[in-house]
Each structure stands twice: as C-alpha cells, then as structure tokens.
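Reviewing the structure listed below.
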Amino acid sequence: MSDVSMDKVNKVYENGFHAVKDMSLDIADGEFMVLVGPSGCGKTTALRMVAGLEDITSGILRIGGKEVNDETPKERDIAMVFQNYALYPHMTVAQNIGFALKLRKLPKNELDAKVKEAAGILGLTDWLDRKPGQLSGGQRQRVAMGRAIVRQPSVFLMDEPLSNLDAKLRVQMRAEVARIQRQIGVSTIYVTHDQVEAMTMGDRVTVMRDGTLQQVDTPQNLYDSPDNIFVAAFIGSPAQNLYDATVGEGARSIKLGSQDVELPESVVLKRPGLRAYAGKEVVVGMRPEHLRAESSTSTGPKIVGEVDLVESLGSELVVHFTIDAHRVIAEGAVDKDEAAALQSGEGVARVEAKTPVKPGDRVTFSVDIEDMQFFDPKTGLAVRG
Amino acid sequence: MTTTSSDTEQVPVAAPLVGRPDVNRKRMARLGWGFTTPSLIVIGLVTIFPIVYSVVLSFSAATVTGNGVALNGFTGSNYSLVLSSSKWHYALGFTIIYTLVTVLVELVFGTLIALVLERLTAGRGLMMALLLIPWSMITVINAELWGYIYQGTYGVADAILNAVGLGHPNILGQSTPAIIGLMIADIWKTTPFVAILVLAGLVMLPGDIYEAAEVDGSSGWSTFWRITVPLLRPTLALAVMFRVLQAFGLFDLPYVLTNGGPGTATTSLAILGYNVIFKNLSFGPGAAVATTSALLVLLGCLLSLRTFRVQVGKED
Amino acid sequence: MRNRKRTGWHRYINGINISAFFVVLFVGLPLYWLIASSFKTPANLGNSPPQFFPNPVSVGNYTDAFKNNDFGQYFINSLIVTLIATALVLILGTMAGYALGRLPMRGKFTLMVTLLIISVFPAIAVIAPLYLVLRNLGWLNSYQGLIIPYTAFNLPFAIWILRNYMLGIPKEMEETGRIDGAGPFRTLWTIILPMALPGIFTAGIFCFTACWTEFLMALTFNSANQYRTIPVGIAEFGTVFTVPYGTIFAASVVAVVPIGILVFIFRKFVISGLTSGAVKG
C-alpha cells in the first residue's frame, strides 16, 4: 500500500501526439481516485503510464515515494483491471486468479489459500473450476477484480472496468467495487468516461481534457464549484445550463438575453471578483435543480422560458425550455450529437413531478441565485475571489 | 535528461520532452525482428535467392557442364527465342484459356453448391467434410483416377459415351476432348473447395440484413444479387485471385494425365518450362519461360494490390 | 423464406435436399470409383463395360503396392518430409506470426505483401536454380532437399494465417501478463500460444496437406526410388505401355486416408482458416 505521485508527467507519442501534458497529481495512500474526461482526453494514457505499459516521456512518477519511471510493470507492484477483463480463456477461474502468484513461485498451499480468500471476498467460491467462457459478464468482471486483489498490490489500476456490463449490473458493481476497495484499503486509480461513476465512486475526482488536468477535488466540490466552464459542463446530468450574459452596472443585476435577473448583494460578496465584470460579459451557470417552476407572484430572481418538451421521470419532471440568451457549449464536455441537439438558448430544469407544465407554456422559473456559477467568457475560469 | 536550475524553472518544459526514447517500444520491435528473422532467412534463401538466380540464368548463355551450369555472360537471346516460339505462344494461350474457364466454372458451381448447403437443415458438417476430401487429395491421384475414367477401351466415361451412341472417341487421344477432360478433372477437385469458401463467407454475413431485406420486400434472386453478392465480393475477389494465380502454375494434372499431349495440346507454361529445362537441358531458355510466367503472376498480383491492401492494411 | 416450416414429405424431398443429393453424387461418385477400383482384380479393372461393384472383392492390389512395389517406403518418405517440414513451419511461423501480428515493427505492411506474393509464386519459377543449388550441395535425393524448400514455400501462408489469429487476441492479454510479471517468452508460451491454438492447427493442416500433395519439387529433386514421396511414387508406377491402375488405386486409397482423417477431425479449423482472410487452394 502506497501513495502515487505524478510530477509534471508528459506523454508524447512517436507520431508527435501529445497525449498527456504536464500532469501533476498526488494520490494518497488508500485513496480512491477517479480519472474522468471525454474520450481521447489522456486519462487512459495516464493510467497506462502509471502501470508501466507506456513509457513516460518526461516528468517523474513515484509510487510509495520511490521513482519508478524505469521500472517494469512487475517491479512497480501494481494490479490492473482492463475494460475487456483480459481473462485467460484457457485457464480456470482459480488459475486466472492465481497466475501472478504462480509466476512469483508462491508455495502451492499458500497460493490456494490466497485464491480462496479472494474468491470469498468476490463471491466466486463456487465458480473456481469454471473457465471464463462459462461465466456471465458480471462474474467475469469479478474474476478480473479477483486477479487484481489476490496479489495485494500497492496500487490498483482500473480502466473502465464496468463499461462492458449492462446498466443495471453496472450500478450494482459500482457499489461493490467501491466496497471492496474500502475493505482492502489499497490506493486505486480508476479511469472512466462516465461522470456518474466518477461522482459515486471516487474519494476524489480528476477531470481531464485534451491531455490537461482540469480540476482535482471531491465529487461535491467539483459539482458545486467547478474551476472552469469545461468542468461545469462535464460534471452533472442533465448538464448545467450555461449562458452568455452581461453583468449590469454596479453588479446589481445580470442581463440574460432580454431578461434582467436581479443579483443580490450576498452573491457579489461571496464572489468579489464579480464586481470587476460590471458592464462586461460573463458566462453564467445554473444547475437544472436550481430552477424552480413557481407562481409568477413569488419574489426573488427569476427567468421566464418557453417550454419545448417535458420528460417525466416519475419522481420529477425534466423540463426543456428556451430563453433568448446564447447557450454556451463547452467543447468536448458533451458529445457532438448532444451539442447539435442543444439549440441555442435551450435550457433544462428539474422540477417537481406534480408541476402543471406542458410544451408551449411560458413558465417562470425562480433561480437559486446563491448557487449560480460565473465564468470568464475568454479564459473559461470561474469568477470567485 | 538535463538538470534544471532554479532560475530556468519558468521556462516551459519543451526540452525534456524529446529526451526519453520509447525504450519499451524499441525493445518490443527488436524482439519482433528477432522472431521474424529466422523465417525471413529461410524464405529468402529458398525463394527470393532462386528467383533472382532464375532471372540471371534467363539472361545468360548458359551451358550444362559436368558439375552444374556455366553462365557464359549476358545475352538477350533466351527471351527472343522464347517470345518468338510458337510453342510458347500456344502454352501461354492454353494456360490463359484453361485458367479462365476452370475458375469461372468453379466459381459458378461453387456458389450454387454453397447456396444449397447453406439452406441444408441437416448433415451440413458431413457435407463439408466430404467436400474437403477432393481438396486434400494428391493431384497425381486425381490425374490417375480420371485417366482411368477416360481410358479409351475400359474407362467409365468411354462406356457412357458409347452407351449414348458416340462410339469410342478416345478422349485423351484428341486435342479438344483432352483439354475438356483435363478441365473436368480440375473442376471436380477444386469446385468443392470454392463452395466451402463461399459457404464460409455466406455464414458470416449478418442475418439481420436478410431480415431487413425481407421486411423491405426483397426475396429470392433480388436478395441474392443485391445483397448476398455485393457482401461476398471481397471473399470472392480474393478467392478468384488466388485460384487464377494458382491455375497459372498448372503442372501436376497435365503432367500425369496427358503428359502435355496429345502432341502439345495440354502443354501449360509450367510443363513447357519443365521440359525445356530438364528434358532439353536448356537452362537459359527454360529460365526465361519460368521468369516470364513469374512476371505474369507478379503483374496479376500488382493489379490486385488493392485487394491485398484490404486484407493487410486492417490494423495499420 | 428461410424459416418456412415444411410439413409431410416436403420435409425430406424438396429442392434443397435433391440438389444436395446431386452434390454428393458429383463429389462422391469419382471417390467411390477410386475405392471400388482398388478392390477389383487386375483382370476386372479392364472390363468393358466396367463393373460397378468389385466382384470378386480383392485385396491383391494392396499387397502388390506394398510387397512388389516400394509403396511402404514412399509412404514413410512422405511422412518424414511432411511431418518435419510442418513442424518447422509451425515453429518459425508462430514466432513470425506473433511478431507481425502483435509487436510494433516498422515495415510490417511491406513484409506482409511480399510474403503474400511469394506464397502465390509458381514453383516452376524457382525450380531450375533450386535444382542447381541442391545438386551442388549434394542434397538431391535426400530428405533435407525437400524439407527445406517445403518449409520455405509454406512459411509465408502459415505466417499469414497465424498473424491473423494473433492479431485477433486483445492486446490487454499481453499487458495483463506483463503486469502479472510474465516476461515476453513466458507471455508468448503461456498466454498467447494457447489462445492461438486454433490458428496453429489451421496453419498445420494447410501445411501438411500442401507438403503431402506436392509433386513438382519431389519429382525434380528426389527421383531416386529410395527417396520418392507418394505422389512421385504413384506417378512413376508402371511404364509407358501399361498403367497398373489396381496398384495405383490401392496406393491412392492408403495415401488419401491419413489426410482424410486429419481433414475430417480438423474440418472446423480448415474452414476457419479459409475464413480468416486467408485463402488458398
């Protein structure tokens, strides 16, 4: 068990592609760190560099305080779970789990005991003599986990280990992987493109984009105070409503399209930097649950939108509406089809299931203005202090 | 790598980026060449070197000596001799026509058989095994078998022709019947192989495409021509190419069945080359025949390079 | 159309089954003729019209092939040459196929195309120089004089098949092996090889068939009776004036049996070899 530290790590491929740029990241002993980002953001490359499957072009990688740049995967004492599990099809479950121990010439009885123990943790005891071909997807996933935990490595690496499972099983395994990790307490780096997985599993989450680290924080902090527009747009589902807006004179209000939204003093006090934007453009972010459909008589900041579509989830309604402000789409945070579907001005609100809205209505949403997020339109960085 | 002093810390880290080579990749590549080299040496010595030697021979005034062949300097006369020879013209024409006819017939019959087999509900495995037997059969045996069937006094084919009133035509004794007989023997041996190939291709086609076609109102022949054939085209193209190139090397069957005769009626390029080299001991002209055949094959390969690329370029 | 339920006699007697029956006749009758004729007496072989069933059934041709002729020797020669060449092809081909399918090498594409072209080159193009070289080495009429050319000529195709199989094995299989602590040779031996076994079978059976049936080189290089392989032996039975069909067919049946059994057992691999993008007759 050890911590992992990456110090200005870079990866440049032979063809000149710069996959990971100056990545510095510290993962504490026993921590569950999730690397998340859209495909091609360099998260898998970063993981594979930690594993020793890719050479590090520059920078220093330390495991347990020791530089391991030039060590083989074997010497680094890591275990890895692959997306397609990479189980040896010609070996039984027991042989698969015990393969690494066998290579280390562990005595037979000790090996068997360890395999049994790992199988016990994963509920595989009855399947030890089967071959991977005879197992279900979930069981294969467990075998892959078993192969990793049996070695009691210093670091666990997982590369989208749940993405080959169906949706229901994925939710179940999500909890189970997190439980096992806590049980054995090994530092873990977990790569996924699914931000829900990232939010539910990680002690901390690292968001990456185009090879560059965007933000490292706890899931809640990422959600509540993203450092930049990309993180704001990427984390959260449905995605955050991001609009171009103009801050009014004296930072007393915000002009969102043709609508003026009142900006209470408390908001500006919390984000003094906002004063500098008076009369200038800014990007505002509103989480869907921070818009409430209320009767037009209530006080406080509000916006009015025209409803395009109402999706009922049973527990709540997802209301798609349009306002006449320009919608900001963070490149890479949503996929192209989704981006195309987000017509200019479209927004999403999550409202109570019983709210009487239907397409075509003009609905007034009251805004939880304290939770509104502000970003500089040029740099994309959050406006705070 | 260079050491960084404190006053240069602000400089972007451009320099170290090229510092470290991809050691692991290089090591794996070296291992790769290590694994490939033994094969390349064997192939190079036994195929590429002789091909080059053959080209040299074909440009030499070679004479047979007590312990081999003396090259005796450069000459173009082997080629002028071969290219103006009526025997070579005939062998070339015969080989081309033979190749075209057999490959075409094999392709058509093979496809038909594959379509039948695909719809067969029981015994398909056994049928496949049966079809593989002619493919795995020694061509010499095939030749002897058909030689017996065509035999002029007691062959089955002869008896059948006699029964339908055609008398005893002595099949292998006349040019055209001998050529047709040769083609039938080849077609019998190779059609099953083409059938298996096409069947394998058919089985791999996604079933839902057919269901979609059925929903769209397509059926029978239109499904076959509009869906099956276009989807099978890569398989068929490669199969045809290999068959064509192979048929171009035609040797075993006519050597044993007709010995190139009657006269020179079934003398293929390979048989002509063999006879010139080993019967006449004319190594120079023989090498010229062999080299021109090889060049024709190479030309065929280059023309089909696109097909190769489809096969090879998958992962690069 | 495909799933139409057939009832009554239509289930058995329909266009498909009738066509299949004719296919069986087309392939089977000549095979039957080969086997039936091998059991006829030499006199009955010359009957006109021919006998459909051998009567009497005689094994005289078989004893003749083995006792009065050297077919036993030819069979052993074929077996030695074929087995050793196949083993060599599989060893070298597996290594090269692994490298070309899985390791990062420059110039792979060119190499594969070259191999493919060599694998379709007609043997006649190299027969004269090979003959001269073997003669200088004193290797005419020897086992190695056939084994080495057979190995070389079958390697390209075997490499091709094996590379395709290797290519199909996910790269994570190796990476997980490396993480588990297996070196490159260990990985090849315990992880990749077992997974590539179907490909090795396929390459093996294609190579075996090709060596077992090869004629031109065997005829040219090993013409001495002691070193003849089956195809040459069968082609050289008899003289210009008489063809001893009985002996030939008895020998043929014996020659067809081992390969027939192999092909029957491994038909799955033969067929998968044909579909893995590798086509050869």
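The values are calculated or read from the model by the stated rules, or taken from the named source; none is laboratory data. Since the structure is predicted, the reported quantities are computational estimates derived from the model, not experimental observations. We place every Cβ from the backbone using ideal geometry, glycine too, and count neighbours over all the protein chains shown.
Being small (Gly, Ala, Ser) and out of contact with any helix residue (DSSP H, G or I) (no Cβ under 6 Å at 6 or more places or on another chain) is the filter; apply it to segment A:43-75 and report the residue that is farthest from residue A:156 (Cα to Cα). Restricting to residues being small (Gly, Ala, Ser) and out of contact with any helix residue (DSSP H, G or I) (no Cβ under 6 Å at 6 or more places or on another chain), the top hit is A:59.
The condition (being buried (at least 18 other Cβ atoms within 10 Å of the Cβ), touching a strand residue (DSSP E or B) at 6+ places or on another chain (Cβ under 9 Å), of a type outside the set (Ser, Thr, Tyr) and more than 24 Å from residue B:240 (Cα to Cα)) is satisfied by just one residue among B:59, B:74: B:59. Taking segment C:126-152 as the range and being over 16 Å from residue C:218 (Cβ atoms) and part of a loop (DSSP other than H, G, I, E, B) as the test, only C:138 passes. Looking only at segment A:40-55, residues that are touching a residue at least 60 places away in the same chain (Cβ under 8 Å) and touching a Pro at 6+ places or on another chain (Cβ under 6 Å) come to 1 in all. Among the residues of segment B:259-294, those identified as part of a loop (DSSP other than H, G, I, E, B) and either over 23 Å from residue C:231 (Cβ atoms) or modelled with pLDDT of 90 or more (or both) are B:262, B:263, B:264, B:265, B:266, B:267, B:268, B:280, B:281, B:282. Annotation: of all residues in segment C:235-252 being more than 9 Å from every other protein chain (Cβ to nearest Cβ) and modelled with pLDDT of 80 or more, the one that is farthest from residue C:31 (Cα to Cα) is C:236. When we screen C:100, C:88, C:130 for residues that are within 25 Å of residue B:251 (Cβ to Cβ), modelled with pLDDT under 95, within 10 Å of chain B (Cβ to nearest Cβ) and surrounded by 19 or more Cβ atoms within 10 Å (Cβ to Cβ), the only hit is C:130. Filter segment A:81-93 down to the residues that are farther than 17 Å from residue C:183 by Cβ and within 7 Å of chain C (Cβ to nearest Cβ), then identify the one that is surrounded by the most Cβ atoms within 10 Å (Cβ to Cβ). Within segment A:81-93, the match that is surrounded by the most Cβ atoms within 10 Å (Cβ to Cβ) is A:86. Would a scan of segment A:109-122 turn up a residue that is in contact with a Ser or Thr (Cβ under 6 Å, 6 or more places away or on another chain), modelled with pLDDT of 90 or more, crowded, with 16+ Cβ neighbours inside 10 Å and within 29 Å of residue A:195 (Cβ to Cβ)? Within segment A:109-122, not a single residue is in contact with a Ser or Thr (Cβ under 6 Å, 6 or more places away or on another chain), modelled with pLDDT of 90 or more, crowded, with 16+ Cβ neighbours inside 10 Å and within 29 Å of residue A:195 (Cβ to Cβ). When each of C:158, C:152 is tested for being at the interface with chain B (Cβ under 10 Å from one of its Cβ atoms), of a type in the set (Gly, Ala, Ser) and within 18 Å of residue B:297 (Cβ to Cβ), the lone residue that passes is C:152.
For segment C:124-167, filtering for residues that are within 24 Å of residue B:284 (Cβ to Cβ) and either of a type in the set (A, V, I, L, M) or outside the structural domain of residue C:109 (by TED's automatic domain parsing) (or both) leaves 11. Residues in segment A:181-197 that are in contact with a helix residue (DSSP H, G or I) (Cβ under 7 Å, 6 or more places away or on another chain) and buried (at least 22 other Cβ atoms within 10 Å of the Cβ): A:188, A:189, A:190, A:191, A:192, A:195, A:197.
Within segment C:96-132, being within 23 Å of residue C:145 (Cα to Cα) and without any contact (Cβ under 8 Å) to a residue 24 or more places away in the chain holds for C:120, C:121, C:122, C:125, C:126, C:128, C:129, C:132.
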